[in-house]
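The values are calculated or read from the model by the stated rules, or taken from the named source; none is laboratory data. This is a predicted model, so every value here is computed, not measured. Cβ sites come from the backbone with ideal geometry, for glycine too, and all protein chains shown count toward neighbours.
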Amino acid sequence: MSTGTDRDSAIARAIAFLGRAQRPDGGFANLFWYAGLAPVEVGNVFPAALIAHSLASVPEGRAVREKALDFLAAEASPQGIWQHWARGEPRQEFLPPDVDDTACASAALRDAGRPVPANEALLLANRDRRGLFYTWFTWRPRWSGLAHARLVWPQLRHLRTLWPLFTRTIARVGNVDAVVNANALFYLGPRPETAAIPLYLVDILERDAETQCDSWYFNRFVVWYFFARALAPGHEAAGRLMRRKLASAAPRTPLETATAQCARLYWGMEADDALTARLLETQLDSGAWPAEYFYQGKDCYWGSEALTTGFALEALARRPSRR
């Protein structure tokens, strides 16, 4: 059985690691793997958005969180939208902005009381006829409004790059992905324009389709984390399903353990002492937890020690949400 002293020590060591790992601009290096090759460090917006959210539960991490939020604010486009590659990365200008990074960065700023760009209209213009969000901000076969057209117009300069992106990878102009929609719901909240999302997510849970519901996220524990933070505590149909799944789940890795514990806490479940003990046992001497595949492309993967550590910190520090 772990003690509060053990947990406090683990949190302090993990915060110290994140402080060392954080780049001068406040971002965090991500690891990028091609299948069968060694990982390389890249600059992505997403890790800073997720780590800033996780650190909201960790008062000791305030300084790291504030720097990450500074980074996110600086990475916003003039229209208040984000994309995956950070500024300075050679691929940055060739990738369209996306709803996932935009929703997560916006929510992290909002929850910290920081100014958030006026981007809701652009997000809401990027939905299909069912009311679900497309993953990419790009051209649509139907008119989506002048602001949306102005956002995507510059992409015409990069058609030679966008064509293979949308034809040779898992990216498609019409991608509608479940975790991306969960993150849009988490940012925008319940409103008529997001009413289709909970029904969509509950259907996935009922069909046990978590590992096939998104082009980029393939681990059910990671999917449960994002579903839980978007749906808890107000969507009881999802809560009944997820509490049952979480109660019988057997995470294998530190990332799965951390995201399972966080999902439990979002749904008002008690922290599982066995999961806490496993996190404490798997912390590295550096204070981090191991890098794992977190999201993916067709034959490539992203993840990092910093990302796993952010989720582990949230799992150790968060308290159950009120049901």
**Q.** the stretch 20-34, residues that are among the polar types (S, T, N, Q) and within 16 Å of the chain's Cα centre (by Cα)
**A.** Asn30
**Q.** Residues (within 15 Å of the chain's Cα centre (by Cα) and of a type in the set (Gly, Ala, Ser)) located in the stretch 80-103
**A.** Ala103
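Quick one: is Trp139 under 17 Å from the mean Cα position of the chain (by Cα) and not in a helix (DSSP H, G or I)? Spell out the reasoning first.
Values: under 17 Å from the mean Cα position of the chain (by Cα): no; not in a helix (DSSP H, G or I): yes.
Spelling it out, it is not the case that Trp139 is under 17 Å from the mean Cα position of the chain (by Cα) and not in a helix (DSSP H, G or I).
Condition first: polar (S, T, N, Q) and part of a strand (DSSP E or B). Now tell me which residues in the stretch 291-323 satisfy that. Quick ask: steps written out before the conclusion?
Pass one, the stretch 291-323, residues polar (S, T, N, Q): 296, 304, 308-309, 321.
Listed by number, the list holds a single entry, Gln296.
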Q: Please give the number of the condition Gly189 fails out of (1) in contact with a Leu (Cβ under 6 Å, 6 or more places away or on another chain); (2) free of Cβ contacts under 8 Å to residues at least 12 places away in the same chain.
A: (1)
Q. If a residue has to be touching a Leu at 6+ places or on another chain (Cβ under 7 Å) and modelled with pLDDT under 95 to count, how many in the stretch 12-39 make the cut?
A. 1
Q) Among the residues of the stretch 210-246, which ones are over 15 Å from Leu188 (Cα atoms) and not in a helix (DSSP H, G or I)? A) Cys213, Asp214, Ser215, Trp216, Tyr217, Phe218, Asn219, Pro233, His235
Q) Somewhere in the stretch 196-203, is a residue surrounded by 14 or more Cβ atoms within 10 Å (Cβ to Cβ), part of a helix (DSSP H, G or I) and of a type in the set (Asp, Glu)? A) no
(Q) Which numbered condition in (1) closer than 17 Å to Ala12 by Cβ; (2) small (Gly, Ala, Ser); (3) touching a residue at least 60 places away in the same chain (Cβ under 8 Å) is the only one that Gly297 fails? (A) (1)
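Out of curiosity, is His158 in contact with a Leu (Cβ under 7 Å, 6 or more places away or on another chain), assigned to a helix (DSSP H, G or I) and in contact (Cβ under 8 Å) with a residue 24 or more places away in the chain?
Taking the combined requirement at face value, the residue does not satisfy it.
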Q. Hey, does the stretch 178-185 have a residue that's touching a Pro at 6+ places or on another chain (Cβ under 9 Å) and either surrounded by 13 or more Cβ atoms within 10 Å (Cβ to Cβ) or outside any helix (DSSP H, G or I) (or both)?
A. yes
Q: Select, from Ala35, Ala56, Ala86, Ala48, the only residue that is surrounded by fewer than 16 Cβ atoms within 10 Å (Cβ to Cβ) and of a type in the set (A, V, I, L, M, F, W, C).
A: Ala35
Q: Report whether or not Asp285 is surrounded by fewer than 22 Cβ atoms within 10 Å (Cβ to Cβ) and either of a type in the set (Val, Ile, Thr) or closer than 23 Å to Gly27 by Cα (or both).
A: yes
